[in-house]
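Just so it is clear, none of the values below were taken in a lab; they were calculated from the coordinates. Keep in mind that what you see is a predicted model, and the values were worked out from it rather than measured. Here Cβ is always computed from backbone atoms with ideal geometry, including for glycine, and neighbour counts include all displayed protein chains.
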Amino acid sequence: MTGTTRTSADLDPRRRKILFRSWHRGIREMDLIMGRFADAEIGSFTEAELDTFEALIEVPDRDLFRWITGEDETPANYDTPLFRRLKGFHTHGAPIHA
């Protein structure tokens, strides 16, 4: 089970691939962070946002997790409006688990 709650049937091939990769990152915490955000937002991403999100998918889990949680400063080239939406999507009021 991936955890996704969204069907990919209505998505174009690029969005399907991004959705799949969002839920299969490596560590479960990042699957939940990226996957839940993708479930909610993938259908409305512009082409530029898709490019940005694909770049975020390539960031190692450890680094991306530390940027999202604020443990490390986000490098300027990744501190985009889409990244800030991703970061704001998760409130961190409770442990990240299903």
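Karplus-based coupling profile of region 73-83, in residue order and whole Hz: 6, 6, x, 4, 6, 9, 7, 9, x, 5, 4, with θ = phi - 60° in 6.51 cos²θ - 1.76 cosθ + 1.60 and x standing for Gly or Pro.
Shown in residue order for region 27-44 are the 3J(HN,Hα) couplings computed by the Karplus curve 6.51 cos²θ - 1.76 cosθ + 1.60 at θ = phi - 60°: 9, 4, 4, 6, 4, 5, 5, 6, x, 5, 5, 4, 3, 6, 10, 4, x, 9 Hz (x for Gly and Pro). Other residues lying with their Cβ under 12 Å from the Cβ of E29 contribute a combined charge of +3, Lys and Arg counting +1, Asp and Glu -1. Using only the Cα atoms of region 13-89, build the gyration tensor, take square roots of its eigenvalues as a ≥ b ≥ c, and label the shape rounded, prolate or oblate: rounded if a/c is under 1.5, else prolate if a/b is larger than b/c, else oblate. Oblate shape, in that a/c is at least 1.5 and b/c is the bigger or equal ratio.
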